[in-house]
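Student: A single structure is presented below for examination.
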Amino acid sequence: MSALLNIDNLHAGIDGTPILNGLSLSIQPGEVHAIMGPNGSGKSTLSYVLSGKDGYEVSEGEMMFAGQSLADMAPEERAIAGLFLAFQYPLEIPGVTNMTFLKTSLNAILRGRGEDEMDAASFLRLAREKSRALGMNDEMLKRQLNVGFSGGEKKRNEILQMAMLEPKLAILDETDSGLDIDALKTVAEGVNALRAPDRGMLVITHYQRLLDFIKPDVVHVMAAGRIVKSGGPELALELEKSGYAEYVGETVNA
Amino acid sequence: MLDAQSYFDRVSGDLSGDATARAAALAAAEAAGLPTRRQEAWHYTDVTRLLGKRTDDTIGAVDFAPLNPLMAVFDNGALREAPVAEGLALHDFEAAPIGDNAMLNYNAALAQGGLNAEISGALAQPLIVTTQGDEPVHLHHKITLAPKAKAVLVDNHMSCGYTNARFDITLGADAELTLIRVQQAGHQIGTSQIELAENARVKSVALVTGGALARHEANVAFAAAGAHAELHSAVLGRGDNHADFTYVIDHQAAETSSNTTAYNVLDAASRGVFQGKVIVRKDAQHVDAQMQTRAMMLSEGAEMDAKPELEIYADDVVCAHGSAIGELDKDALFFLRARGLDEASAIYLLVAGFIEQVLSHIDDEVMADSLRALVAQKIAAQFSIEGAA
Ligand SMILES: Nc1ncnc2c1ncn2[C@@H]1O[C@H](COP(=O)(O)OP(=O)(O)OP(=O)(O)O)[C@@H](O)[C@H]1O
Ligand SMILES: [Mg+2]
């Protein structure tokens, strides 16, 4: 079976500063991978480069997603192809309600896939069902997108978007940061509900605890823009105990 | 009105009222001439130059029908349709005296008429004053709300010609007025004098989507305690549009408050001007005056001039002003695109959301929706988006 995501020797940077230095990673359909790594090691950069944010130069390597090269695709084309990024810092969009945003997003993606847009009533039903499952009340759908949302509410809202869009590959960039224990469980349930044999997840986190709720198949350690070690769930436990000293040292010497 | 004298000679025979008084007003206006940039209040708006400009703005129909409104339609200055309703009395046109404002003196000399309305009680339907046509028009409206009266007034400017409009708006004690203004094209110099008695409340929401010259001047006087004014404006500038909101907010009495916001989205070579002067008179204690200007610059050729001013003579007041001028938020744009929206649709949503922060001040959702539809139509045309939500 071919990989859902295959990153090979990726080099990327911004304004001439290299950040990703030969990163390779492969996710098979059905797998959940976790990336852990010190601050500034390039985890968010990887998520942005994968989702097509402007300003990053990819100088070497390739990114294949579901058999397509991501390199020349616009961010919206990647979203339509089934890539989803839950942002580390979700944006606030004043004057646009959460509901309008969700509907515009879902319909843009359906349209992009050549499917029929969802009518207002079915959309409302779906949005209510998904938001309730995440412990969000209907009021939050009527509010302006992320404006005045607490840190945890913003993260929950990212998961709501994921639940609505049902991506093939979800990249969660520190979705657990800022969540209380109950919210963490709810969010993890939301993520687990989406696990399927044809889907994959890339979970970026600093805390082993999230991985108690979302069981990863593979854990990677990222340092200085590369994957420096990969292993099973036990690797996360090890990191929790001994930190990154070993890996940071190794890359400095390399 | 570049050659006002010959225009006056031609039309004065058709104008009602005291011809001598009109001639005197014209003489006073001509002595001062059209405002120039040397005058502080006109520093950013070069009237003579802008009057010579044309834009290709189109007039989109705003659908007010669901509001079942009372209509006063001025077609090239002539009243074609007059409203009839309980609580609404229409009086004969009254000429204005000569003052020190040249535009108002031109108006006094040349006014073809206007709505002289007295509102008592709560008007059930909104009153829409539509100005349409393509000829030069001078109108002098007088809207008086009796104590406790309540009304929604729409200044619906649909002309593509030149308009000099004067609005004298007086609110009695506890009266409440929502004032909606829309300008889509043409040249308009509008001057509103708004007087608020005790506990009177006015909320103005203005939307400019086009025009070679849109000058909206408002002078608000708070005569007694409890008076409150909100002045919100949204500008959607494209091409050579020029939109100028100039206010004098005069807190003459203690315990009065004002809240002013100006939101400008400026594309191409359009220009937005905001001048807001807040005066708090001596002894006008406990005044709360807030002023916010925000601009979203979509092009390097666009320009925003924001000049908030505070003149405070009382010591126990809360006054603040802020100004934020920036470009389209690149991170927000990426966020929306990462959720499947193409670039044009993402820009559409960001611009509509920006303008919505002004439209959301309109309490009547049906009214707000009719303006939202106009904004949607204008943005979609500007960014060539089909079927934008
Ligand atoms: N726009 C930018 N301009 C210059 N440097 C940048 C830019 N964005 C990121 N960097 C740098 O790239 C490096 C990687 O940043 P990135 O945000 O990817 O780290 P991270 O692994 O996600 O860190 P954290 O765990 O703190 O979220 C950092 O040193 C950061 O300062
Ligand atoms: Mg990060």
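Read-outs: derived from the displayed coordinates by stated rules, not from any lab. Everything numeric in this text was worked out from a predicted model, so none of it was measured. Neighbour counts are summed over all protein chains in view; Cβ atoms, including those assigned to glycine, are modelled from backbone coordinates with ideal geometry.
Student: With +1 assigned to the C-beta of every Lys and Arg and -1 to the C-beta of every Asp and Glu, and no other charges, what is the dipole magnitude of the stretch B:4-328 about the Cα centre in debye, to the nearest 20? Don't skip to the end; give the middle numbers.
Tutor: Values: 23 positive and 41 negative charges, 65 e Å.
Here the size comes out at about 320 debye.
Student: Tell me, what is a quarter of the convex hull surface for the C-alpha atoms of the stretch B:4-328, in nm² with one decimal?
Tutor: Working: hull surface 63.5 nm².
Its Cα hull, projected and averaged over all orientations, spans 15.9 nm².
Student: On alpha-carbon atoms, Rg over Rh for the stretch B:324-389 using Kirkwood Rh?
Tutor: The Rg/Rh ratio comes out at 1.00.
Student: Lys and Arg at +1, Asp and Glu at -1: add these up for the other residues within a Cβ distance under 12 Å of A:ALA121 and post the number. Mind showing how you got there, number by number?
Tutor: Working: positive: A:LYS103, A:ARG125, A:ARG128; negative: A:ASP119.
Here the charged neighbours net out to +2.
Student: Separate question: Say we join alpha carbon atoms closer than 10 Å with springs in a Gaussian network model of chain B; which of B:PHE245, B:PHE274, B:PHE64 then has the biggest fluctuation?
Tutor: B:PHE64
Student: If contacts are Cα pairs under 8 angstrom and at least 6 residues apart, what is the relative contact order of the stretch B:4-328 in percent?
Tutor: On the way: 969 pairs, mean separation 35.4, N = 325.
Once divided by the residue count of the stretch B:4-328, the mean separation gives 11 percent.
Student: Leaving out same-chain residues fewer than 8 places away, which aspartates and glutamates sit with a Cα under 13 Å from that of B:LYS53?
Tutor: Correct list for B:LYS53: B:ASP240.
Student: Could you tell me which of B:GLN377, B:VAL129, A:SER105 has its Cα farthest along the dipole of the protein assembly as shown towards the positive end, charges placed at Cβ (Lys, Arg +1; Asp, Glu -1), taken about the Cα centre?
Tutor: The residue sitting most towards the positive pole is A:SER105.
Student: Can you tell me which aspartates and glutamates have their Cα less than 13 Å from the Cα of B:LYS282? Leave out same-chain residues fewer than eight positions away.
Tutor: B:ASP250, B:GLU255, B:GLU311, B:ASP315, B:ASP316
Student: Next question, about the same structure. How many angstrom lie between the C-alpha centres of the stretch B:145-213 and the stretch B:11-57?
Tutor: 20
Student: Taking springs between alpha-carbon atoms closer than 10 angstrom, which of B:ALA165, B:ALA117, B:ALA314 fluctuates most in the Gaussian network model of chain B?
Tutor: The residue with the greatest mean-square fluctuation here is B:ALA314.
Student: Once the dipole of the protein assembly as shown is set up with Lys and Arg at +1 and Asp and Glu at -1 on Cβ about the Cα centre, which of B:LEU67, B:PRO308, B:ALA102 lies farthest towards its positive end?
Tutor: Checked the options; the winner is B:LEU67.
Student: Also, I was wondering about something else. Cα centroid distance between the stretch B:304-357 and the stretch B:86-103, in Å?
Tutor: 37
Student: Set the bar at 29 Å for Cα to Cα. Now go through A:LYS53/A:LYS154; A:LYS43/A:LYS215; B:LYS142/B:LYS277; A:LYS142/B:LYS378; A:LYS168/B:LYS378; A:LYS154/B:LYS277 and name every pair that lies beyond it. Numbers along the way, then the final one.
Tutor: Numbers: A:LYS53/A:LYS154 20 Å; A:LYS43/A:LYS215 20 Å; B:LYS142/B:LYS277 24 Å; A:LYS142/B:LYS378 25 Å; A:LYS168/B:LYS378 37 Å; A:LYS154/B:LYS277 39 Å.
In this structure, A:LYS168/B:LYS378; A:LYS154/B:LYS277 lie more than 29 Å apart at Cα.
Student: With r defined as the distance between the Cβ atoms of B:ALA344 and A:GLU62 and R0 fixed at 25 Å, what FRET efficiency is calculated, to the nearest 0.05? Could you put the intermediate results ahead of the total?
Tutor: Numbers: r = 29 Å, r/R0 = 1.17.
With a Förster radius of 25 Å, E is 0.30.
Student: What is the calculated FRET efficiency for B:ASP316 to B:ALA31, with r their C-beta to C-beta distance and R₀ = 45 Å, to the nearest 0.05? All intermediate terms of the calculation are to be shown ahead of the outcome.
Tutor: Numbers: r = 43 Å, r/R0 = 0.95.
E(calc), rounded to 0.05, equals 0.55.
Student: Binning every alpha carbon pair distance of chain A at 10 Å from zero, what are the percents per bin?
Tutor: Bin by bin from 0 Å, the calculated values are 7, 30, 37, 21, 5, 0.
Student: Oh, and also: Could you work out which residue, out of B:ASN68, B:ASN105, B:ASN259, moves most in a Gaussian network model of chain B, that is, has the largest mean-square fluctuation with Cα springs under 10 Å?
Tutor: B:ASN68
Student: May I pose another question? Along the charge dipole of the protein assembly as shown, which of A:THR175, B:MET367, B:THR261 sits closest to the positive end, that is, farthest toward it, with unit charges on the beta carbon of Lys, Arg, Asp and Glu (+1, +1, -1, -1)?
Tutor: Farthest towards the positive pole: A:THR175.
Student: Any chance you could run the full-extension gain for B:GLN285 through B:ASP100? It's 0.36 nm times the residue separation minus the Cα-Cα distance, nm to one decimal.
Tutor: So the extension gain works out to 63.6 nm.
Student: Next question, about the same structure. Taking every DSSP beta bridge that has both residues in chain B, what percent is antiparallel when rounded to the nearest 5? Display every interim value, and only then the final one.
Tutor: Working: 7 of 138 bridges.
In chain B, approximately 5 percent of DSSP beta bridges are antiparallel ones.
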